[in-house]
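So the structure is just underneath, and the comments pick up after that.
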């Protein structure tokens, strides 16, 4: 690899975006994985993708469209999943199918070349700009700050949400804040990872970290490291193999998950009933 390419601003931006986006998505992923919200996150990711495409179609900011649609998905899925009025899979499936249909509808009616739409679909980390980095920085800072400030409360909600609510912890607020932060992390990562792939960056590093530790604190650390490593190695692979950066990042994160599963200390533990350590 020719390291002289690192002198260019677009490559420096890509490296910083990989660090910020990888860490932000992976930290959110820990909460998504431990609270069994994976498919809720998938629906939010596709809603954000549809919103970004609508922004492209109508000529306003794709990030604004993505954030609005992700909030709309939270407003629909959250209360239904929270109150148990329906099986959680039902509203998730409705929102997922609706937003996927809207996404391909918007993509089909965008006039002229579909370059911008395809970048939102597959991602292009090499086109990240300084304003994009600023948004990534803000979202990553908020996620880290909230996890640090409310770590014990988050840990209690993960362990038993109803019990946390019964003893006076703001369990519902934490639940909805998580959903909003998931939408925010997805929104600021759409341009670099892509709408169809971004949720893999949330899920894979966190799932890999889950295989390697019983400690929630260590899980956050491992997930952030795996997220950053996935984006950097994916960026290198994209450069060497001349393939889409978003796809390369997701494939690397999947390989990391497979390796973590193979070498997981949890595989050597017999499946006896054990106390939840989270």
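The values are calculated or read from the model by the stated rules, or taken from the named source; none is laboratory data. From a predicted model like this one, the values you see are computed outputs, not experimental measurements. Methodologically, a virtual Cβ is constructed for each residue, glycine included, from the backbone with ideal geometry; neighbour enumeration extends over all protein chains shown.
Residues of region 211-224 being part of a helix (DSSP H, G or I), free of Cβ contacts under 8 Å to residues at least 24 places away in the same chain and within 20 Å of residue 254 (Cβ to Cβ), which ones?
So the first thing to find is which residues in region 211-224 are part of a helix (DSSP H, G or I), and the list is 211-212, 216-224.
Restricting the remaining residues to those that are free of Cβ contacts under 8 Å to residues at least 24 places away in the same chain gives 218, 221-222.
Selection gives 222 alone.
Out of curiosity, is residue 52 over 22 Å from residue 228 (Cβ atoms) and at pLDDT 85 or above? Break it down stepwise before answering.
Values: over 22 Å from residue 228 (Cβ atoms): yes; at pLDDT 85 or above: yes.
Judged against the criteria, residue 52 is a match.
Each row is one residue, and each column tells you yes or no for (1) surrounded by 10 or more Cβ atoms within 10 Å (Cβ to Cβ); (2) modelled with pLDDT of 85 or more; (3) touching a helix residue (DSSP H, G or I) at 6+ places or on another chain (Cβ under 7 Å); (4) more than 28 Å from residue 125 (Cβ to Cβ).
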| site | (1), (2), (3), (4) |
| --- | --- |
| 236 | yes, yes, no, no |
| 249 | yes, yes, yes, no |
| 255 | yes, yes, no, no |
| 258 | yes, yes, no, no |
| 264 | yes, yes, yes, yes |
| 273 | no, no, no, yes |
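In this structure, does residue 163 turn out to be over 20 Å from the mean Cα position of the chain (by Cα) and in a helix (DSSP H, G or I)? Spell out how you get there, then give the answer.
Numbers: over 20 Å from the mean Cα position of the chain (by Cα): yes; in a helix (DSSP H, G or I): yes.
So residue 163 passes the test.
Please find, among 40, 28, the residue that is crowded, with 23+ Cβ neighbours inside 10 Å, assigned to a helix (DSSP H, G or I) and modelled with pLDDT under 80. Give the steps one after another, and end with the answer.
Details: 28 fails: modelled with pLDDT under 80.
Only one candidate qualifies: 40.
Evaluate the following for residue 191: is it surrounded by 21 or more Cβ atoms within 10 Å (Cβ to Cβ) and touching a helix residue (DSSP H, G or I) at 6+ places or on another chain (Cβ under 9 Å)? Give the derivation first.
Values: surrounded by 21 or more Cβ atoms within 10 Å (Cβ to Cβ): yes; touching a helix residue (DSSP H, G or I) at 6+ places or on another chain (Cβ under 9 Å): yes.
Considered against the rule, which asks whether it is surrounded by 21 or more Cβ atoms within 10 Å (Cβ to Cβ) and touching a helix residue (DSSP H, G or I) at 6+ places or on another chain (Cβ under 9 Å), residue 191 comes out as yes.
Select, from 130, 161, the only residue that is out of contact with any strand residue (DSSP E or B) (no Cβ under 7 Å at 6 or more places or on another chain) and either surrounded by fewer than 17 Cβ atoms within 10 Å (Cβ to Cβ) or modelled with pLDDT of 85 or more (or both). Before you say what the answer is, go through the steps one by one.
Values: 161 fails: either surrounded by fewer than 17 Cβ atoms within 10 Å (Cβ to Cβ) or modelled with pLDDT of 85 or more (or both).
Exactly one of 130, 161 is out of contact with any strand residue (DSSP E or B) (no Cβ under 7 Å at 6 or more places or on another chain) and either surrounded by fewer than 17 Cβ atoms within 10 Å (Cβ to Cβ) or modelled with pLDDT of 85 or more (or both), namely 130.
Looking at region 72-84, I want the residues that are surrounded by 15 or more Cβ atoms within 10 Å (Cβ to Cβ) and have a partner that is modelled with pLDDT under 80 and not in a helix (DSSP H, G or I) with Cβ atoms under 6 Å, at least 6 apart or on another chain. Which pairs are those?
As it stands, the answer is 80/86; 81/88, since those pairs meet every condition given.
Out of 195, 168, which single residue is part of a loop (DSSP other than H, G, I, E, B) and either within 15 Å of the chain's Cα centre (by Cα) or closer than 30 Å to residue 124 by Cβ (or both)? Can you show your working first?
Details: 168 fails: either within 15 Å of the chain's Cα centre (by Cα) or closer than 30 Å to residue 124 by Cβ (or both).
One residue alone meets the criteria, 195.
For the list (1) surrounded by fewer than 24 Cβ atoms within 10 Å (Cβ to Cβ); (2) in contact with a helix residue (DSSP H, G or I) (Cβ under 7 Å, 6 or more places away or on another chain); (3) more than 18 Å from residue 146 (Cα to Cα); (4) modelled with pLDDT of 85 or more, I need the number of the one condition that residue 58 fails.
Here residue 58 meets the rest and fails (2).
Can you say whether residue 143 is part of a helix (DSSP H, G or I), touching a residue at least 12 places away in the same chain (Cβ under 8 Å) and surrounded by fewer than 24 Cβ atoms within 10 Å (Cβ to Cβ), as far as the supplied structure shows?
Working: part of a helix (DSSP H, G or I): yes; touching a residue at least 12 places away in the same chain (Cβ under 8 Å): yes; surrounded by fewer than 24 Cβ atoms within 10 Å (Cβ to Cβ): yes.
Considered against the rule, which asks whether it is part of a helix (DSSP H, G or I), touching a residue at least 12 places away in the same chain (Cβ under 8 Å) and surrounded by fewer than 24 Cβ atoms within 10 Å (Cβ to Cβ), residue 143 comes out as yes.
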